[in-house]
Amino acid sequence: MKFKICSGIFAAFILCSLSTKAQDINSSLDSLYTALAARGQFNGNVLIAREGKVIYKKSFGYADFENKKLNNDSTEFQLASVSKTFTAVAVMQLYEKGRLKLDDTFAKYFPEFPYKEMTLRQILSHSSGLSDQDLAGVIENYFKKHNGKALSNSELISMLAEAKVKLKLEPGQKWWYSNTGFQLLAALVEKISCESFDKYLYKHIFKPSGMEHTYLRTAYINNFDTPNLAGNYDYEFRYSTARIKFDGDRSYYNEMFYGHSNVISTCSDLLKFDNALYTGKLLKNKTLNEAFTPARLKDGTKDFVWKNLGAMGNADDGLGWFIFEDTTAGKIVWHTGGMPGCATILLRNTGRHQMVVLLDNTSSEGLYRSALSGMNILNGKPILPSKRSLAKIYGKALMSRDADYAFSLLQQYRSDTVNYNFSENDMNNLGYDFLSAKCYSQALETFKINTLLYPESDNAFNSYAEALNLAGKKEEAVLMYKKSLVINPGNEDSIKALKQLLN
């Protein structure tokens, strides 16, 4: 009898301890995301789950700023590149059914495709050599040639066949992120399944998962605003002081492409997707394990994505999913998304059945770190400092106040690497933002400061020279191009520009 009483007391103690721990976790999560929202670093929805059950869920900010409509549980968000996970699942489903092989070439299914050695596995893992940058000019020319008509996924293949652009990378040589690759995969799904991509996603992924508020949206597919769709807001330039809504001609829903982006969903639906992956409704465990294993390049090395980018740790690429190398808190597979007015991330800790999803309709800074901090709280690890871009702060101050005030802010916060990100590239991009808007005095000031902060950078002087030339200061531009070449005699941009200026 005494044993039973003691056992009961012990069980009650355990339950009380677990309850207290859960409350502490919930409180820590709420403190984190409430503070981020208060600082303007989060505007959207967060959902965190364990074992398929919600342990924290909250909405912050506005879905519609003009009408002061708040985000809520039902708010639908543009997922941006998190959409790629659905494309990957679709391809893996067809692989599981024996309809394709991952090491098949894409040209096997589309003989006119010009890159004959490129495999489906390489496209899935961003190691195909396809480069959006290499192909951008071709797409732009097609756009002009067809009187502004947007390119569709099926037309993309014939366009590539006609253009025959020489890619800088060979298939399997290196990781290189490619939206184009996933647009091609969507066309592949359509050809093999004989279903339109939106109908395939609904029939084979969304419906089996119970995702009732998830759909594909493009210029011609579901191109209407639902009552719960969040607007997308962002700063037009790095120096802008107020966000604008990205709609009308600015909206990415004007494009016809899919496979890489443009799936609309909610946090709750993504939890259903997460659960469906665990329960075998979409893919077998063996297939998922293959998708969640780092792909290999031709030389046998892992398909490395980045090294500790944003202090988030090293990551490799699987088949449609990124994979953290650090597994001390469990194996974490994930994907991010970003567009003007949109930042998203889905983290899945498959080792501990945990999920963190953040959907933001204002491109909040540091969102990916904020999501990983939520996962860290679940596992008793320290949160990551949420850093802000000091270049953006400088740019806003330069535009709204004056050069001295902006420089003072720069000097005050540049050493605070815990709370601020700052780099030569950030300042360079800011300078070009000013330049594209013909804000020449601000552009020149930004590029000049960059040369002072990074006096050994040939690129900093090259950019400053370009701005000087565009501002009509030819003599000064010549001096800066010459300085760039003193630092790096092989800077081809400076050589070419200087030759033109001196002729």
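Some observations on this one:
- Order of Phe273, Phe324 - criterion: other Cβ atoms within 10 Å of each residue's Cβ, fewest first: Phe324, Phe273
- Length available on full extension from His353 to Ile487: 0.36 nm per residue minus the Cα-Cα distance, which gives 43.0 nm.
- Three-way shape call for the stretch 80-378 based on the alpha-carbon gyration tensor, with the a/c threshold at 1.5: rounded
- Mean-position separation - Cα centroids, the stretch 293-350 and the stretch 364-394, in angstrom: 16 Å
- C-alpha center-to-center spacing [the stretch 194-254, the stretch 67-101] in angstrom: 11 Å
- When only Cα pairs below 8 angstrom with a gap of at least 6 residues are kept, the chain shows a relative contact order of 15 percent.
- For the stretch 419-451 versus the stretch 478-503, the inter-centroid distance based on Cα atoms is 20 Å.
- Computed from Cα positions, the angle between helix 403-413 and the longest principal axis of the chain comes to roughly 40 degrees.
- Within the straight-line cut-off of under 14 Å between alpha carbons, the aspartates and glutamates reachable from Lys108 are Glu117, sequence neighbours fewer than 8 places apart in one chain being disregarded.
- Distance between the modelled labels on Val54 and Lys168, one decimal in nanometres: 4.5 nm (7 Å Cα→Cβ projection).
- Taking a sphere under 13 Å around the Cβ of Val305 and counting the other residues whose Cβ falls inside, with K and R at +1 and D and E at -1, yields a net charge of -1.
- Restricting the trypsin sites (Lys or Arg not before Pro) of the stretch 370-450 to loop positions (DSSP other than H, G, I, E, B) with no more than 13 neighbouring Cβ atoms within 10 Å leaves Arg401, Arg414, Lys438.
- Given Lys302/Lys483; Lys57/Lys207; Lys84/Lys245; Lys174/Lys499; Lys53/Lys286, the pairs whose alpha carbons are separated by over 30 Å: Lys302/Lys483; Lys174/Lys499
- Taking GluC sites (Glu not before Pro) in DSSP loop conformation with at most 11 other Cβ atoms inside 10 Å as exposed sites, the chain has its longest uninterrupted site-free stretch at 113-455.
- Acute angle (nearest 10 degrees) that the helix 474-487 long axis makes with the longest principal axis of the chain, alpha-carbon atoms: 60 degrees
- Cα-based shape type of the stretch 266-342, given that a ≥ b ≥ c are square roots of the gyration tensor eigenvalues and the cut on a/c is 1.5: oblate
- Against the main long axis of the alpha-carbon atoms of the chain, helix 153-163 sits at an angle near 40°.
A short reminder: the numbers here are calculations on the coordinates, not readings from a lab. Remember, it's a predicted structure, so these values are computed and weren't measured experimentally. Cβ sites come from the backbone with ideal geometry, for glycine too, and all protein chains shown count toward neighbours.
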